[in-house]
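K.L.:
Below are the structure tokens for one structure; questions will follow.
The values are calculated or read from the model by the stated rules, or taken from the named source; none is laboratory data. Quick caveat, the model's predicted, so the values are computed rather than measured. Heads up, the Cβs are rebuilt from the backbone with ideal geometry, glycines too, and the neighbour counts pull from every protein chain shown. For accessibility, only protein heavy atoms count, side chains too; no ligands or nucleic acids. Shrake-Rupley method; radii C 1.70, N 1.55, O 1.52, S 1.80 Å.
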Amino acid sequence: MEQYYKIDKDDFSMAGEASSSVKRTLTKLGVEPSIIKRVAIAMYEAEINAFIHGGGGEALADISDERIRITVKDEGKGIPDLNLAMQEGWSTADEEVRKMGFGAGMGLPNIAKNTDELEIITGPGQGTEVIMVINLHK
């Protein structure tokens, strides 16, 4: 089952809607709550990063019996130093974003902690694609 979402850079009220929708779907499918929590955290962090740093983008959740594969892609400036961005507390968020409670530098580290597989394709000027896999069974 595939679910596609547009991440609209101009509608902050919809930020987080894709991850909430996937969470509801997984709940209806009877997925274990601890797995749902990991999926929701990882997808939400990627979705918010695409909204804040990438100028919007798209998310695709591919749910199978064995795993969920989530791809979040934006067309922003890209991440110039991925190793630095993976460090807890490192952030390029501006003051306005920080005042809203975002930009603490935990997005990518939280994604890494909550996924079984993680691939980040990025670079200056090419946007960012975050591919996350969470296994549904141990």
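K.L.:
What does the charge count around SER34 come to, taking other residues whose C-beta lies under 14 Å from its C-beta (Lys +1, Arg +1, Asp -1, Glu -1)?
P.N.:
My count for the surroundings of SER34 gives +3.
K.L.:
R0 = 22 Å: FRET efficiency of LEU29 with GLU75, Cβ-based, nearest 0.05?
P.N.:
Result of the calculation: an efficiency of 0.10.
K.L.:
When all protein chains stay in place, what accessible area (Å², nearest 10, 1.4 Å probe) is found for TYR4?
P.N.:
Number for this one is 130 Å².
K.L.:
Here is a further query. Please label the shape of segment 20-90 as rounded, prolate or oblate, based on the square roots a ≥ b ≥ c of the eigenvalues of the alpha-carbon gyration tensor (a/c under 1.5 means rounded; beyond that, a/b larger than b/c means prolate, else oblate).
P.N.:
Since a/c reaches 1.5 and a/b is larger than b/c, the shape of segment 20-90 is classed as prolate.
K.L.:
Same structure again: In the neighborhood of PRO124, defined by Cβ-to-Cβ distances under 15 Å, what is the net charge if each Lys or Arg adds +1 and each Asp or Glu adds -1?
P.N.:
-3
K.L.:
For MET14 and HIS137, compute 0.36 nm times the residue count separating them, minus their Cα-Cα distance, and round to one decimal in nm.
P.N.:
Length gained between MET14 and HIS137: 41.3 nm.
K.L.:
In the structure displayed, which of LYS6/LYS138; LYS77/LYS138; LYS37/LYS73; LYS23/LYS73 lie more than 29 Å apart, Cα to Cα?
P.N.:
Over 29 Å Cα-Cα: LYS6/LYS138; LYS77/LYS138.
K.L.:
What nm value, rounded to one decimal, do you get for the distance between LEU84 and ALA112 when each label is placed 7 Å out toward the C-beta?
P.N.:
Spacing of the two 7 Å Cα→Cβ label points: 1.5 nm.
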